[in-house]
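A short reminder: the numbers here are calculations on the coordinates, not readings from a lab. Quick caveat, the model's predicted, so the values are computed rather than measured. Positions of Cβ are backbone-derived with ideal geometry, glycine not excepted, and every protein chain shown enters the neighbour counts.
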Amino acid sequence: MNLKQLNRLLTQTLFLPVIGLVLVAAALGWQVLAVRPLIQDVHATDQSLETARTVSSLTSNEARGVRDYQRTLKETTLQPYEFAMEPLVQEMNTLRDQLAAQSADMEPINDLIDLHNDWSEKVATPIIKAARDRVSLSDSQINSADRADMDKMVTIESGIIATLQSKRSALIDRWQQVMLRTIEVVILSALFGALILGLFANNRMHRVSDAYQNTMGALRSTAQATYESEQRLRATLTSIGEGVVVCDDDGRIELLNTAAQRLSGWTQAAASHRHMELVFPLIDELTNEPIGPTQFTTAAQDRAVSLTPRSALLVRSDGVEYFVERSEAPIYDRAGYLTGSVTVISDVTERRRTQAALLASEKLAVAGRLAATIAHEIHNPLDSVVNLLYMIKQGTSEEEREEFVDMAQSELARVTNISRAMLGMHRESRIPILLDISAIMHSVLILLERSLAKSGIYVITELTPEAFASGYPAELRQVFTNLLTNAADASEPNTTIRVKIYNQAATKTAEDEFATIPGVVIKVADQGSGIRPEIRDDLFRPFFTTKGEQGSGLGLWITKGIIEKHAGTIAVDSTIATEEAPNDHGTTFTIFLPRGTAGLPTDAELQPSEAEVVEAAELISTKSSNTTLITNGAIRTRPFGRGLGRTRRFAPRMRNDVPLPPLE
Amino acid sequence: MPPEGRLILCIDDERIGLRVRKLLLERAGYRVLTAPDGPAGLAIFDAEPIEIVLLDYSMPGMHGGEVAAVMRQRKPLIPILLLSAYVGLPTEITDLVNGYLTKADDAPTLLARIQSLIPDSH
């Protein structure tokens with residue numbers, strides 16, 4: 001029931017009794033009007049009765065006066081007759097008029113008047129005249145006539161009075177009946193009206209009551225739902241693992257959930273109404289500057305808020321430090337005005353530690369693989385040396401001995417240079433330095449050359465010399481090793497891996513001066529089966545591997561991390577064989593490393609020296625391995641590494657080298 | 001048992017290592033045939049009356065385990081001694097051969113192992 005319906009109902013309930021009362025009043029009024037003629041009739045009858053009685057009394061006065069005068073002959077005794085004479089005629093006429101007005105029977109009154117006139121002329125006047133003349137009237141005729149007329153007149157008068165009285169009684173009876181009926185009607189209509197009113201009011205009150213019950217029920221269930229919803233949200237907020245802080249528009253704390261209390265070390269009561277920066281002193285990791293509160297605009301139309309979490313360092317007043325990520329969002333009211341903000345702060349300390357541990361473990365795994373390679377590369381020349389020494393000890397001719405010693409020396413030099421080259425792999429600079437990217441790629445290719453050749457995979461290189469970029473050499477070696485081993489794992493025998501490195505010049509234009517920054521592009525392309533589109537997005541996630549037990553799933557994740565540390569980018573482009581083009585498949589990883597600002601180290605700063613590394617590359621490649629090299633477009637078949645080693649600088653350029661602690 | 005005239009097949013992709021090993025074995029009295037990879041080695045193994053094989057594990061193309069498996073199919077009784085620059089080869093490969101040595105162990109050990117494996121058929 002809505003308000004309109006309720007109003008209509010109330011109006012109905014108000015007007016029905018009013019209408020009922022008006023009807024009853026009208027009935028009563030009608031009855032009163034109906035009774036009025038009756039009452040008038042009664043009044044008229046009463047007057048007629050009075051007149052009739054007066055007539056009767058005056059008549060007897062006249063008769064008595066006449067008789068007394070006749071007997072006494074005194075004039076005084078005649079007075080009643082004389083006094084009554086005139087009024088009697090008047091009263092008689094009045095009575096006649098009244099009766100005429102009442103349309104009653106006129107015969108008795110007319111008879112009465114005639115009789116009286118008759119009596120006055122024939123009886124009264126002669127008697128009085130005789131008395132005055134002293135004539136004895138013994139005329140019995142006159143006396144008997146007097147008596148007969150008088151008796152008749154009295155009888156007529158009595159008749160008139162009786163008629164009038166009976167008429168009055170009838171009128172009174174009718175009046176009483178009408179009154180009784182009126183009372184009955186009033187009582188009945190009152191009862192009926194009360195009944196109708198009662199039923200109607202009952203019905204309407206039930207409807208209002210039902211509507212009220214419904215409204216109350218709805219309100220109760222709404223209140224219950226609101227309460228439950230609030231409880232649910234509160235429980236969610238409390239149990240959520242991230243710290244949630246609600247502030248007012250002035251940046252003062254209104255609410256801290258459990259995680260936020262634990263993280264900050266403040267209780268809700270203590271932190272309430274304090275400034276966010278006091279409870280959560282956040283420091284920028286890179287600049288060490290305190291992070292102030294975010295200024296949200298109050299304009300409603302400008303609500304675009306970045307929810308990207310930003311990392312920061314939380315330094316509590318008790319000295320405990322947490323790595324946190326925080327994201328903030330403004331709260332607007334309906335009118336679009338800022339009423340507060342919500343800040344979500346997550347503790348990522350554990351995640352950071354895990355990431356660091358993962359990085360370390362992957363580094364160890366890489367080191368382990370390298371160690372196996374080193375063992376292999378060292379054991380082969382050592383085997384020759386051991387055998388040569390045994391033969392010399394057994395006794396040889398002079399020239400044989402010369403030859404054996406030379407061979408042993410050469411093999412030992414190979415061991416030394418391999419160990420030096422390996423050592424370079426594990427040295428790392430603490431600051432980015434300018435690196436010859438082609439040279440680093442070349443040194444990685446030398447190490448991998450043997451296993452690639454073993455798998456029957458050809459490497460085609462197009463390495464632009466003097467491709468310089470700022471970076472950390474050991475990390476980039478790890479990146480190149482990852483990409484090349486991934487490419488090799490994806491490759492079938494007798495397929496090619498193309499490695500291309502070239503400088504990208506800055507293409508600064510007047511319109512867009514940051515269109516492209518200068519740097520080095522590295523492309524590693526294999527002819528494997530390609531990467532299915534649905535897993536391409538997963539490639540750079542940790543623990544994602546397609547190699548089963550063989551892979552840690554960390555290689556590309558670490559690669560991406562290293563590239564991002566170098567402010568570079570890594571992209572993957574993959575083609576899967578289709579029915580139309582069954583031979584068109586493979587994957588290309590493209591890395592861009594910005595030229596950066598690091599300076600070019602002088603030759604004196606290079607360790608180990610360029611010459612030594614060239615020699616090392618030569619010695620590593622002394623055996624015949626038939627890797628086909630296409631260098632800058634020219635196809636040549638030659639021992640891998642030898643040609644490049646002679647013609648190209650590929651010394652790892654670094655400075656401030658700090659050796660890592662030895663591997664266990 | 002003097003090893004005079006016994007025919008050994010050495011297979012290794014390391015050029016210098018192979019040359020030195022051939023010299024060593026010849027000085028010890030063996031006749032030595034060499035091959036730089038698995039397929040060449042198997043051809044000689046099939047063609048010549050080889051009495052013992054000295055096989056390198058790590059080679060391009062076929063590795064030592066694969067070569068040994070083929071040899072076991074063709075002439076199961078010929079002893080094979082596997083040499084490897086790696087430490088810790090999988091057991092399914094070491095089980096296939098009569099023995100294995102890590103490279104750069106000393107020469108007398110190598111010679112003693114060869115002599116112990118040669119069938120006493122003279």
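The distance separating the Cα centre of region B:47-122 from that of region A:458-509 comes to 39 Å.
Taken over the alpha carbons of region A:243-347 as equal point scatterers, the Debye sum produces base-10 log I(q)/I(0) values at 0.18, 0.24 Å⁻¹ of -0.84, -1.37. Across the alpha-carbon set of region A:3-215, the Rg to Rh ratio works out to 1.46, Rh being the Kirkwood radius.
Among the residues of A:387-400, the average count of other protein chain beta-carbon atoms within 10 Å of the residue beta-carbon is 3.
Distance distribution P(r), chain B, all Cα-Cα pairs, bin width 10 angstrom from 0: 13, 52, 33, 2 percent. Computed from phi, the 3J(HN,Hα) profile of region A:82-91 under the Karplus parametrisation 6.51, -1.76, 1.60 (θ = phi - 60°) reads 5, 4, 7, 4, 5, x, 4, 4, 4, 4 Hz, with x in place of Gly and Pro. Label separation (A:SER397 vs A:ALA223): 11.7 nm, computed from points 7 Å beyond Cα along the C-beta direction.
For the pair A:THR590 and A:LEU73, the difference between a 0.36 nm per residue extended length and the Cα-Cα distance amounts to 168.8 nm.
Couplings for region A:103-116, taken from phi via the Karplus curve 6.51 cos²θ - 1.76 cosθ + 1.60 with θ = phi - 60°, read 6, 8, 6, 8, 4, x, 5, 4, 4, 4, 4, 4, 4, 4 Hz in order; Gly and Pro are left as x. Which values of log₁₀ I(q)/I(0), to two decimal places, follow from the Debye formula for region A:140-236 at q = 0.16 Å⁻¹ with a uniform point scatterer at every Cα? So the normalised log intensities are -0.90. Ordered by the number of other Cβ atoms lying within 10 Å of each residue's own Cβ, fewest first, B:CYS10, A:CYS247 fall into the sequence A:CYS247, B:CYS10.
When each of the peptides B:101-107, A:579-585 is scored by the mean number of other C-beta atoms lying within 10 Å of its residues, the order from highest to lowest reads B:101-107, A:579-585. Label point of A:GLU254 set 7 angstrom out along Cα-Cβ; within region A:201-234, amide nitrogens under 17 Å from it belong to A:230-231, A:233-234. For the pair A:THR578 and B:LEU101, a Förster radius of 60 Å applied to the C-beta separation gives a FRET efficiency near 0.75, rounded to the nearest 0.05.
The mean number of Cβ atoms from other chains found within 10 Å of a Cβ in peptide B:6-14 is 2, as a whole number. Per-residue shielding of B:79-88, expressed as the average number of other chain Cβ atoms within 10 Å of the residue Cβ, stands at 3.
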